[in-house]
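The values are calculated or read from the model by the stated rules, or taken from the named source; none is laboratory data. The structure displayed is predicted, hence computed values, not measured ones. Cβ placement follows ideal geometry from the backbone for every residue including glycine, while neighbour counts extend to all protein chains displayed. Only protein heavy atoms, including side chains, enter the accessible area calculation; ligands, DNA and RNA are left aside. Shrake-Rupley method; radii C 1.70, N 1.55, O 1.52, S 1.80 Å.
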Amino acid sequence: MEKYILIIGACGQIGTELTWALRSKYGNDRVIASDIREGSESLMESGPFEILDATDYNALEEVIAYYEISEVYLMAAMLSATAEKFPMRAWNLNMGSLFNVLNLGKEKKIDKIFWPSSIAVFGPNTPKETTPQNTIMEPSTVYGISKQSGERWCEYYFNKFGVDVRSIRYPGLISWKTMPGGGTTDYAVDIYHKALSEGTYTCFLKEDTKLPMMFMDDAIRATIQIMEADTEAIKVRSAYNLSAMSFTPIQVAKSIQNHIPDFKILYEPDFRQAIADSWPSSIDDSDAQNDWNWKAEFDLEKTTKKMLKHLKP
Ligand code: NAD
């Protein structure tokens with residue numbers, strides 16, 4: 001039987017590109033996009049779309065039955081910077097939507113779930129460099145606490161009820177097709193837009209804040225790869241560390257200056273600095289490499305070239 005896929009939160013930074021990638025792989029009408037709001041014209045026109053609130057179990061159940069969905073990608077969430085402003089809303093959305101999807105798995109209404117975790121599961125007491133898969137976590141942000149709890153519940157639902165849920169800890173994601181949605185690594189997208197439109201950028205993080213990052217093409221490839229891996233290959237049922245590159249704002253500015261020599265960067269750190277300071281600088285993803293053959297393709301130079309090429313007016 002051919003599968004039907006539901007993407008929840010399909011209009012966001014990752015959901016939009018994931019929808020396009022899955023549609024080109026499985027066919028437009030096999031991939032149902034859904035979100036609480038409408039997305040870009042090109043997304044809306046590329047296949048079926050449903051307005052759907054991820055916290056509404058009955059509405060989810062209805063859409064899943066109607067389209068005979070077997071796989072769900074849950075991309076709806078409140079991200080790190082916004083979650084610090086609305087802690088209870090973030091907790092209710094991030095946990096409520098996950099429980100809904102896990103319970104649909106438990107009730108055997110869907111066969112397979114993708115739910116993204118984040119490097120935000122780590123905290124100030126975590127080893128900062130080459131952070132291992134298993135280590136001290138103790139996240140200090142609302143978002144990180146919700147992601148770490150989510151990981152525990154995913155593993156629990158797999159062990160207790162056999163729910164096939166798969167997850168990766170995305171680093172900060174850099175994309176040119178869609179804008180980021182309120183995270184602490186958003187600067188690494190904004191900087192390319194401003195370099196081209198204004199020739200200058202004021203960064204909300206300090207120049208030497210080193211964070212793990214990834215180009216969107218790699219993130220989408222990893223997402224589809226882990227979902228297609230054999231069940232026995234997935235040995236981590238909380239979430240896999242995933243890594244591509246690490247850089248600081250000054251390093252990304254220099255890589256832009258190789259193409260736009262007059263580009264200038266200024267620094268005005270705000271509340272997001274404390275969030276960034278609590279996260280790792282680099283990630284050890286050897287479990288993902290060994291278990292399902294993960295390998296990143298984009299480094300900073302390749303990312304900068306792609307971003308500038310595609311964002312050029
Ligand atoms: P985003 O904010 O760009 O998109 C989230 C989407 O969810 C939005 O389109 C929003 O309208 C939708 N949404 C919000 N509330 C909803 C609800 N109640 N029902 C249905 N849809 C709702 O986020 P993103 O960057 O695409 O992130 C997707 C997932 O990946 C999230 O779980 C996020 O935590 C995780 N993640 C993202 C990054 C990153 O750098 N972008 C890094 C690590 C983890």
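Modelled spin-label separation between Lys309 and Asp277, with each label point placed 7 Å from Cα along the Cα-to-Cβ direction: 3.9 nm. Tell me the angle of helix 216-228 to the major Cα principal axis of the chain, expressed in degrees between 0 and 90 and rounded to the nearest ten. It works out to around 20 degrees.
Within the straight-line cut-off of under 20 Å between alpha carbons, the aspartates and glutamates reachable from Lys306 are Glu17, Asp186, Asp190, Glu198, Asp217, Asp218, Asp262, Glu297, sequence neighbours fewer than 8 places apart in one chain being disregarded.
Restricting the GluC sites (Glu not before Pro) of the stretch 171-254 to loop positions (DSSP other than H, G, I, E, B) with no more than 15 neighbouring Cβ atoms within 10 Å leaves Glu198, Glu207. Partner aspartates and glutamates whose Cα lies under 18 Å from the Cα of Lys235, excluding those fewer than 8 positions away in the same chain, are identified as Asp111, Glu151, Glu155, Asp164, Asp284, Asp285, Asp287, Asp291. Please report the carbon-and-sulfur percent of the accessible area for the stretch 25-159; probe 1.4 Å, protein heavy atoms only, DNA, RNA and ligands left out. For the stretch 25-159, the apolar C and S fraction of the accessible surface comes to 50 percent. Sorting the Cα pairs of the chain by distance into bins of 20 Å, from 0 upward, gives 34, 59, 7 percent per bin.
Each principal axis of the Cα atoms in the stretch 8-166 has its own extent, and those three values, largest first, are 46, 36, 30 angstrom. Ligands, DNA and RNA left out, the accessible area of the stretch 196-268 computed with a 1.4 Å probe is 47% carbon and sulfur. Remark: the chain carries a charge dipole of roughly 380 debye about the Cα centre, counting +1 on each Lys and Arg Cβ and -1 on each Asp and Glu Cβ. Hey, which of these cross-link pairs are over 26 Å Cα-Cα: Lys254/Lys312; Lys3/Lys305; Lys264/Lys305? The answer is Lys3/Lys305.
Can you tell me the 0 to 90 degree angle between the C-alpha axis of helix 187-197 and the longest principal axis of the chain, rounded to 10? Long axis of 187-197 versus the principal axis of the chain: about 60 degrees.
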